1. Against the conditions (1) more than 23 Å from the chain's Cα centre (by Cα); (2) without any contact (Cβ under 8 Å) to a residue 40 or more places away in the chain; (3) farther than 15 Å from ASN378 by Cα, where does GLU331 fall short? Just the number, please.
2. Here's a check for you: in the range 443-465, which residue that is surrounded by 22 or more Cβ atoms within 10 Å (Cβ to Cβ) and assigned to a loop (DSSP other than H, G, I, E, B) is nearest to the chain's Cα centre (by Cα)?
3. Got a number for residues in the range 205-261 being of a type in the set (Gly, Ala, Ser), part of a helix (DSSP H, G or I) and within 19 Å of the chain's Cα centre (by Cα)?
4. For the range 280-297, name all the residues that are among the aliphatic types (A, V, I, L, M) and out of contact with any helix residue (DSSP H, G or I) (no Cβ under 6 Å at 6 or more places or on another chain).
5. Could you check the range 15-35 and list, in sequence order, the residues that are loosely packed, with under 13 Cβ neighbours inside 10 Å and not in a strand (DSSP E or B)?
6. Please work out if ALA298 is in contact with a Cys (Cβ under 9 Å, 6 or more places away or on another chain), within 24 Å of ALA110 (Cα to Cα) and at pLDDT 95 or above.
7. Being under 23 Å from the mean Cα position of the chain (by Cα), touching a residue at least 24 places away in the same chain (Cβ under 8 Å) and assigned by TED's automatic domain parsing to the domain that holds VAL400 narrows it down to one of ILE339, ILE353, ILE271, so name that one.
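The values are calculated or read from the model by the stated rules, or taken from the named source; none is laboratory data. Everything quoted here is computed from the prediction, not taken from an experiment. Here Cβ is always computed from backbone atoms with ideal geometry, including for glycine, and neighbour counts include all displayed protein chains.
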Amino acid sequence: MENKMLEWLDQHSGNRFPNFINGEWVEPLSGETYPVYESARPTRLLGEFPASSDEDVDKAVQAAHEAFQSWKQTSASTRAAILYRFADLLEQNREELAYILSAEQGKVLAESRGEVGRAATEARFAAGEAFRIQGQTLPSENPEVKSKVVRTPLGVIAAIAPWNFPVVTPVRKIAPALAHGCTVVLKPASVTPWSAVKLAALLAEAGVPRGVVNVVFGSGKKVGNPLVEHPLVKGVSFTGSTKQGLQINGKAAGRLAKTQLEMGGKNAALILDYNNLEQATDQIVSAAFACSGQRCTAISRVIVLESQEKKLVELLTSKMEKITVGPAWDEEANIGPVINQDQFETVNSYIEIGQSEGAILTAGGQSKHRDGEGYFINPALFTGVTKEMRIAKEEIFGPVLTVLKARDVHEAIDIANDTEYGLAASIFTNSLSISEQAAESIEAGMIHINHGTASQAHMPFGGVKHSGYGAYSIGHTNQDFFTEVKAVYVKPQ
């Protein structure tokens, strides 16, 4: 099956792709493009993509603004029907999308297929949200006046997507925007643009009207910044690094545009007298190294009570040694390469930092890269880590897992909170009281009891501190971002 991916890429790689604006594929006004290469084989050209400018952005935003005037009036049933068709098309094109995703991002095919399936599930949930936009009818001080609160669509949304999930994250922004009556200009990550080409085509096939969804390719400086700063953009939904998120929030706040920010994480798994370490380590390894550790919800710290540390480390080491690192088309591979050379060098620098700080590299950490091949790193396990070390505090965004000891539950919670991030945490315990205490005390937007940091397609997704800002995405909380509240007073004649 995986060899079919190579055959498909041989037939479809190397094309030149335009922007998608107002329902048409149009060349960037500059006429310039940039190349994108396969993650696992950087010598293979996947395609040439537009090096767009602020003029292209303005053209897309104007199209979205014009389309908004009619789209906001479109019935909920029509919007939902289009999204249901889109979800069906995602599933029908799962294999092709998985090939594209794995080629440009590097994750193994099983993960890519799962990402496409998750995108379809989220699109279906968003379709249902078109019927669940809620207002209120409130008692009035004046019996002759009726008082109610309604929600209206926000307007044009700038959707800025990351490179680690180039299918599900754009869908996570586009689908709820459309369900709530908004229009979209999508800026995909410049290193993973090909998935967005296919998504745009499927949205058009599903029946999305001209201008309702537009896609502009290019750099953050030439596309992202003018998109965030455009006066007709009413909301910015961003997923990416905390540094970029803070910059975007500053620009948007300067003109009072709404933001929905999903940023970095330094997520902890707490082992608090749990009697099934086998199950816990299965969950931790999966959550730590999916997508080669390049995801905001990856578990990167394990905080364990002293009495269970030795056994936990033995199990983690054993399971990590069974991981096979390789390209997406390798049927034996469990995880793929990191995205590119920059990420490769960053992760390796943290492995060196950990050793220089005195942590013990207990397993993995070896790099495998030869000319013409991708940037592969065997998952690394550090023990003897203290909370002051950089590898315990900073987001590495790669396959590196650290183990820290705690004397008791209170210290474990303190260590978990000793970071600027607050996205997700996993708590493994047999004690109901401990689970309640930890869930209440840990500073994170999402808490998982006795399982890894896997989210669900109908639950709010977001973080606190430097991990998130604005309304949580995925779940019903999305209406707080994609709509505005309007108070209406009615006095009948």
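1. The failed condition is (2).
2. Step one: of the range 443-465, the residues surrounded by 22 or more Cβ atoms within 10 Å (Cβ to Cβ) are 444, 446, 448, 452-453, 461-463.
Restricting the remaining residues to those that are assigned to a loop (DSSP other than H, G, I, E, B) gives 444, 452-453, 462-463.
On the way: ALA444: 17, GLY452: 16, THR453: 13, GLY462: 10, GLY463: 12 Å.
Checking each candidate, the answer is GLY462.
3. Filtering the range 205-261 down to residues of a type in the set (Gly, Ala, Ser) leaves 206-207, 211, 218-220, 224, 235, 237, 240-241, 245, 250, 252-254, 257.
Checking the rest, the ones that are also part of a helix (DSSP H, G or I) come to 206, 220, 224, 245, 250, 252-253.
In the following step, the residues that additionally are within 19 Å of the chain's Cα centre (by Cα) were identified as 220, 224, 245.
Total satisfying the criteria: 3.
4. Step one: of the range 280-297, the residues among the aliphatic types (A, V, I, L, M) are 280, 284-285, 287-288, 290.
Hits for the range 280-297 are ALA280, ILE284, ALA287, ALA288, ALA290.
5. Start the filter on the range 15-35 by keeping residues that are loosely packed, with under 13 Cβ neighbours inside 10 Å, which leaves 15-16, 31, 35.
Scanning the range 15-35 gives a single hit, GLY31.
6. On the way: in contact with a Cys (Cβ under 9 Å, 6 or more places away or on another chain): yes; within 24 Å of ALA110 (Cα to Cα): yes; at pLDDT 95 or above: yes.
Yes, satisfied.
7. Numbers: ILE353 fails: under 23 Å from the mean Cα position of the chain (by Cα); ILE271 fails: under 23 Å from the mean Cα position of the chain (by Cα).
Going through ILE339, ILE353, ILE271 in turn, the sole match is ILE339.
For every residue, the table says whether it meets (1) in contact with a Gly (Cβ under 9 Å, 6 or more places away or on another chain); (2) within 18 Å of HIS448 (Cα to Cα); (3) of a type in the set (D, E, K, R).
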| position | (1), (2), (3) |
| --- | --- |
| THR383 | no, no, no |
| LYS387 | no, no, yes |
| THR402 | yes, no, no |
| ARG407 | no, no, yes |
| GLU420 | yes, no, yes |
| ALA424 | yes, yes, no |
